[in-house]
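Student: Encoded as structure tokens, here's the structure I'll be asking about.
The values are calculated or read from the model by the stated rules, or taken from the named source; none is laboratory data. Bear in mind the structure is a predicted one, so any value in this text is a computation, not a measurement. All Cβ positions, glycine included, derive from the backbone under ideal geometry; neighbour counts span all protein chains shown.
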Amino acid sequence: MGYMSKVLLSAASGAAMLLGGQLAPVQAQDGKDANFVPLFTYRTGPFSGSGIPIANGMRDYLEMLNQRDGGIGGAKIVIEECETGYDTKKGLECYEAVKGRNPVMVNPWSTGITLPLIPRAAVDRIPVLSMAYGLSASADGQTFPWIFNPPNTYWDGLSVIIKHIADELGGLDKLKGKKIGYIYLDAGFGKEPIPMFEQFAKDLGFELKLYPVAATDMQNQSSQWLGVRRDKPDYMVMYGWGALNPTAIKEAARINYPMDRFVSIWWPSEDDARSAGPGAKGFRELNWHGVGTDFPVLKDIQKHVIDKGLSKVAKGKEGEVLYNRGVYNSMLIAEGIRNAQKLTGKKAVTGEDVRRGLEAINLTPERLKELGMEGFTDPLKLSCADHNGHGAAFVQEWDGQKYVKIGGPIKPMEDKVGPVAAAAAKDYVEKNAGWPKRTEACDSK
Amino acid sequence: MLYNIFIDPFVQMAGAPDLLVQALWDGLVSGVLYALIALGFVLIFKASGVFNFAQGIMVVFAALTLVGLYEKGVPAYVALALTLVVMFLLAVAVERVVLRPLVNQPDIILFMATFGLTYFLIGFGELVFGGNPKAMITAQLGLPRGVIDVEMLGGRVSFQKIDIAAAVIASIMVAALAVFFQKTRIGRALRAVADSHKAALSVGISLNQIWVIVWFAAGVVALAAGIMWGARSEVSFALEIVALKALPVLVLGGFTSVPGAIVGGLIIGVGEKLGEFYWGPLVGGGIETWLAYFIALAFLLFRPQGLFGEKIIERI
């Protein structure tokens, strides 16, 4: 064997060992039980403004559990980020890279990535947690046993916004003859609520005007807002992400659109509103959890992670809306793992175990207190049939410095959303020939 | 349907002339900014025959450097001067590391090298300044903010002061570049290089020096474009995608023409705004993304070399 052949062989063996090491299932670390939690994040690219705070919140909560408790139930959490750039192709590459390593679940953080993972989840036995995003119909646990989207679907969120508008006008009947504009990211995420919106428009008698914004034009929205000036909608609703949100708020302020009639789904951050200056005052969005650091869970994160220099969050940014959203997401991950450990008696659990654990999530007021989240969010209970919870949301308003909660919790209009969601789930099954019937056992009713 | 396409938009224009003026103004401002980005492409293409794919990320990189330095405590005008220094160093580095070793290679090799440069600048920018979007330091740079509302034509037309500033600054830059190209010694040398590298070398023009100058000029144009786009929204990597709008401008205006970049930018800017506003609703909106390319291709049917591009005749 020549010298070059030896070199090539050595290189090939090294690469194989390296790859083998990377692809080996993660069930132990340092000789101890461990659970592998991959986080699909985007700290780069056009959507990083939304992705960074969420990634920080998710990572910091799990790291806090590692630091404070040594993990969950005696098993360390192996946290690994995979950068998707909010790009579906890269997201699927991330999925392929982690699926052979016994991930307890995946968190796509993109509706576009979630949709192609839905049919794969059952095959690969890996639950998908698409927290308050993704396919609204996937809340139906009987049809989609591997998909979880608590605590609200996009359709729930829309119904809460419609209810909020109706409350301001004096009742749902007052929506008749009104005009509601919808500005949205022209992608899977933004298109998701349109069927429900059209149904609401039909049922309640308002006119719906659509203003799609392509990802390439997120920072170039003057045409859409000129359309708003022409059409004069009574209210504007937004489902935006990344650079779309701050630009839309700026443009709305630019055309003097009344900000208290501009209501968004739960994604705009403080920076999105702040960048529009004083004109953003009065801008509204939905939320379902606390903002700020006055909660024991946030204090623990500060103490065990941020103060030790283990976080990537910029100083003073912990406690902002999207950071806390990431914390909430990881709390659900942790509860799923914890429940799985209780159900199986194992420390290192699998995706199949965690699927059962997620169905067993029951965040009672007592449990929330134990988690340091008393007053942070509402109780939530999932089941085999309901993978969402369809919880209440509230409206918060930008006061120029911070978001301030206005009004109490608003429950989604399940009487309106439920039948449409059920029909959509049925339609999904019909369009995907051979969709499996649920065979997974049910631990919680 | 035919009424909606051919009659109704014009009825709308006549019925609400204030909105027509607003759409035209918004289109002109977008067009000016597209033209600024396209200018960067043209400058480099003229001098080196390289289609610089990295021009879009240069816009982001320049704006990020400016804001990043300011965030680190550097006063705004000092940060501006330092950003110019950084863009100059970038030009020197590109000439030394990318262009010089690849001289006399086929154009496609140089084009691919600018792809590499793009991804390097994305990674380097994120490494140094982070991926978080940043607010442009509009007020600190003394740029005007606020809006001038003018009651006219039975309605209101809003002129953002920053948009007016963008138009003025872009016009000054174009005029300065025109003078630079036509009246200065370096400008003449640059045109000579554009015509023929070999002939330029034979009369003692330094290719390396010219490339540094032209890449620096493209960097300055990128900085101006980054400041203006950043002021309208925010400084983020999403700006790189907006910069791709310069491609149909180049197709339309020609890759070698400074006036072409300007006129092409204005046509694309106005065309896409009017198209989206008046014809977009017919198909559910969102036509702005492809309309620019459609306009450019329609022009190409009649002028394959672009509006002001040079007609190339080769003997075979």
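Student: Which condition number in (1) at pLDDT 90 or above; (2) part of a helix (DSSP H, G or I) is the one that B:GLY73 fails?
Tutor: B:GLY73 satisfies every listed condition except (2).
Student: For region A:228-250, enumerate the residues that are facing chain B (nearest Cβ under 9 Å) and free of Cβ contacts under 8 Å to residues at least 40 places away in the same chain.
Tutor: The answer is A:ARG229, A:ARG230, A:THR247, A:LYS250.
Student: Suppose the filter is free of Cβ contacts under 8 Å to residues at least 40 places away in the same chain and either closer than 30 Å to A:TYR42 by Cα or within 10 Å of the chain's Cα centre (by Cα) (or both); does B:SER233 pass it? Talk me through it step by step, then tell me what you get.
Tutor: On the way: free of Cβ contacts under 8 Å to residues at least 40 places away in the same chain: yes; either closer than 30 Å to A:TYR42 by Cα or within 10 Å of the chain's Cα centre (by Cα) (or both): yes.
Taking the combined requirement at face value, the residue satisfies it.
Student: Also, I was wondering about something else. Name the pairs: first residue in region A:201-218 and more than 7 Å from every other protein chain (Cβ to nearest Cβ), second residue part of a helix (DSSP H, G or I) and of a type in the set (Asp, Glu), Cβ to Cβ under 6 Å, at least 6 apart or on different chains?
Tutor: Within 6 Å, the pairs are A:LYS209/A:ASP231.
Student: When you check B:GLN105 against the structure, is it among the polar types (S, T, N, Q), at negative phi and without any contact (Cβ under 8 Å) to a residue 12 or more places away in the chain, yes or no? I'd like the intermediate steps shown before the answer.
Tutor: Working: among the polar types (S, T, N, Q): yes; at negative phi: yes; without any contact (Cβ under 8 Å) to a residue 12 or more places away in the chain: yes.
For B:GLN105, the condition - among the polar types (S, T, N, Q), at negative phi and without any contact (Cβ under 8 Å) to a residue 12 or more places away in the chain - is met.
Student: Scan region A:192-211 for residues that are surrounded by fewer than 23 Cβ atoms within 10 Å (Cβ to Cβ) and closer than 17 Å to A:ALA248 by Cα and report the count.
Tutor: Residues flagged as surrounded by fewer than 23 Cβ atoms within 10 Å (Cβ to Cβ) and closer than 17 Å to A:ALA248 by Cα within region A:192-211 amount to 2.
Student: Continuing with the same structure: Tell me which residues, restricted to region A:395-445, are among the aromatic types (Phe, Trp, Tyr) and surrounded by fewer than 18 Cβ atoms within 10 Å (Cβ to Cβ).
Tutor: Filtering region A:395-445 down to residues among the aromatic types (Phe, Trp, Tyr) leaves A:398, A:403, A:428, A:435.
Correct list: A:TRP435 only.
Student: Of the residues that make up region B:172-184, is at least one surrounded by 14 or more Cβ atoms within 10 Å (Cβ to Cβ), among the β-branched types (Val, Ile, Thr) and under 22 Å from the mean Cα position of the chain (by Cα)?
Tutor: Here is the first cut: in region B:172-184, the residues surrounded by 14 or more Cβ atoms within 10 Å (Cβ to Cβ) are B:173-174, B:177-178, B:180-181.
Now restrict to residues that are among the β-branched types (Val, Ile, Thr): B:174.
Then keep just the ones that are under 22 Å from the mean Cα position of the chain (by Cα); that gives B:174.
Checked against the condition, which is being surrounded by 14 or more Cβ atoms within 10 Å (Cβ to Cβ), among the β-branched types (Val, Ile, Thr) and under 22 Å from the mean Cα position of the chain (by Cα), region B:172-184 yields at least one hit.
Student: Looking only at region A:120-155, which residues are among the hydrophobic types (A, V, I, L, M, F, W, C), more than 20 Å from A:ILE194 (Cβ to Cβ), part of a helix (DSSP H, G or I) and touching a residue at least 40 places away in the same chain (Cβ under 8 Å)? Write out each step before concluding.
Tutor: Residues of region A:120-155 among the hydrophobic types (A, V, I, L, M, F, W, C): A:121-123, A:126, A:128-129, A:131-132, A:135, A:137, A:139, A:144, A:146-148, A:155.
When the remaining residues are screened for being more than 20 Å from A:ILE194 (Cβ to Cβ), the result is A:121-123, A:126, A:128-129, A:131, A:144, A:146-148.
Right, trim to part of a helix (DSSP H, G or I) and you get A:121-123.
Within region A:120-155, A:ALA122 is the sole residue that qualifies.
Student: Here's another thing I want to ask about it. Which condition number in (1) over 28 Å from A:ASP167 (Cα atoms); (2) assigned to a loop (DSSP other than H, G, I, E, B) is the one that A:ASP427 fails?
Tutor: With respect to (1) over 28 Å from A:ASP167 (Cα atoms); (2) assigned to a loop (DSSP other than H, G, I, E, B), A:ASP427 is out only on (2).
Student: If you check A:MET373 against the conditions, is it part of a loop (DSSP other than H, G, I, E, B), modelled with pLDDT of 95 or more and assigned by TED's automatic domain parsing to the domain that holds A:ARG68?
Tutor: Values: part of a loop (DSSP other than H, G, I, E, B): yes; modelled with pLDDT of 95 or more: yes; assigned by TED's automatic domain parsing to the domain that holds A:ARG68: yes.
Yes.
Student: Moving on. Restricting attention to region B:1-49, and to residues there that are outside any helix (DSSP H, G or I) and over 16 Å from B:GLY254 (Cβ atoms), which single residue is farthest from the other protein chains (Cβ to nearest Cβ)?
Tutor: B:MET1
Student: When you look at A:VAL7, is it modelled with pLDDT of 85 or more and part of a helix (DSSP H, G or I), yes or no?
Tutor: Details: modelled with pLDDT of 85 or more: no; part of a helix (DSSP H, G or I): yes.
In short, no.
Student: If a residue has to be surrounded by fewer than 24 Cβ atoms within 10 Å (Cβ to Cβ) and modelled with pLDDT of 85 or more to count, how many in region B:234-250 make the cut? Before the answer, list the steps.
Tutor: Initial filter on region B:234-250 (surrounded by fewer than 24 Cβ atoms within 10 Å (Cβ to Cβ)): B:240-241, B:244, B:247.
Keeping just the survivors that are modelled with pLDDT of 85 or more gives B:247.
Residues in region B:234-250 being surrounded by fewer than 24 Cβ atoms within 10 Å (Cβ to Cβ) and modelled with pLDDT of 85 or more: 1 in total.
Student: Residue check: is A:ASP124 surrounded by fewer than 24 Cβ atoms within 10 Å (Cβ to Cβ) and touching a strand residue (DSSP E or B) at 6+ places or on another chain (Cβ under 6 Å)? Reasoning before the result, please.
Tutor: Working: surrounded by fewer than 24 Cβ atoms within 10 Å (Cβ to Cβ): yes; touching a strand residue (DSSP E or B) at 6+ places or on another chain (Cβ under 6 Å): no.
No: the conditions fail for A:ASP124.
Student: Can you find, within region B:287-298, the residue that is nearest to the other protein chains (Cβ to nearest Cβ) among those that are more than 17 Å from the chain's Cα centre (by Cα) and surrounded by fewer than 20 Cβ atoms within 10 Å (Cβ to Cβ)?
Tutor: Taking region B:287-298 as the starting set, the residues that turn out to be more than 17 Å from the chain's Cα centre (by Cα) are B:287-288, B:290-291, B:294-295, B:297-298.
After this cut, where a residue has to be surrounded by fewer than 20 Cβ atoms within 10 Å (Cβ to Cβ) as well, the list is B:290, B:294, B:297-298.
On the way: B:TRP290: 9, B:PHE294: 14, B:LEU297: 17, B:ALA298: 19 Å.
Result: B:TRP290.
Student: Which pairs have Cβ atoms under 6 Å, sit 6 or more apart or on different chains, and link a residue in region B:183-195 that is in the same structural domain as B:VAL50 (by TED's automatic domain parsing) and under 17 Å from B:ASN208 (Cβ atoms) to one that is in a helix (DSSP H, G or I) and among the basic types (Lys, Arg)?
Tutor: Close Cβ pairs (under 6 Å, with a partner that is in a helix (DSSP H, G or I) and among the basic types (Lys, Arg)) amount to B:ALA194/B:LYS46.
Student: Taking region A:182-213 as the search range and keeping residues that are small (Gly, Ala, Ser) and within 24 Å of the chain's Cα centre (by Cα), which one is farthest from A:ILE410 (Cα to Cα)?
Tutor: Here is the first cut: in region A:182-213, the ones small (Gly, Ala, Ser) are A:187-188, A:190, A:201, A:205.
Then keep just the ones that are within 24 Å of the chain's Cα centre (by Cα); that gives A:187-188, A:190.
Working: A:ALA187: 27, A:GLY188: 26, A:GLY190: 22 Å.
The qualifying residue farthest from A:ILE410 (Cα to Cα) is A:ALA187.
Okay, residues lined up against (1) touching a helix residue (DSSP H, G or I) at 6+ places or on another chain (Cβ under 6 Å); (2) within 14 Å of another protein chain (Cβ to nearest Cβ); (3) among the aliphatic types (A, V, I, L, M):
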{"site": "A:TYR42", "(1), (2), (3)": "yes, yes, no"}
{"site": "A:GLY57", "(1), (2), (3)": "yes, no, no"}
{"site": "A:GLU63", "(1), (2), (3)": "yes, no, no"}
{"site": "A:GLY70", "(1), (2), (3)": "no, no, no"}
{"site": "A:CYS82", "(1), (2), (3)": "yes, no, no"}
{"site": "A:PRO103", "(1), (2), (3)": "no, no, no"}
{"site": "A:TRP109", "(1), (2), (3)": "no, no, no"}
{"site": "A:ARG125", "(1), (2), (3)": "yes, no, no"}
{"site": "A:SER138", "(1), (2), (3)": "no, no, no"}
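Student: Give me a count of the residues in region A:383-420 that are assigned to a loop (DSSP other than H, G, I, E, B) and hydroxyl-bearing (Ser, Thr, Tyr). Outline the logic, then answer.
Tutor: First, pick out the residues of region A:383-420 that are assigned to a loop (DSSP other than H, G, I, E, B): A:383-385, A:387-392, A:399-402, A:411-413.
Then drop every residue that is not hydroxyl-bearing (Ser, Thr, Tyr), which leaves A:383.
Adding up the residues that qualify gives 1.
Student: Given A:GLU335, A:GLU370, A:GLU374, which one is touching a Phe, Trp or Tyr at 6+ places or on another chain (Cβ under 8 Å) and either more than 14 Å from every other protein chain (Cβ to nearest Cβ) or farther than 24 Å from B:LYS134 by Cβ (or both)?
Tutor: Details: A:GLU335 fails: touching a Phe, Trp or Tyr at 6+ places or on another chain (Cβ under 8 Å); A:GLU370 fails: touching a Phe, Trp or Tyr at 6+ places or on another chain (Cβ under 8 Å).
After ruling out the rest, the residue left standing is A:GLU374.
Student: Across region B:238-263, what is the total count of residues that are in a loop (DSSP other than H, G, I, E, B) and more than 10 Å from every other protein chain (Cβ to nearest Cβ)? Give the steps one after another, and end with the answer.
Tutor: Step one: filter region B:238-263 for residues in a loop (DSSP other than H, G, I, E, B), giving B:238, B:244-245, B:254-257.
With the extra rule that they be more than 10 Å from every other protein chain (Cβ to nearest Cβ), the set shrinks to B:254-257.
Number of matching residues: 4.
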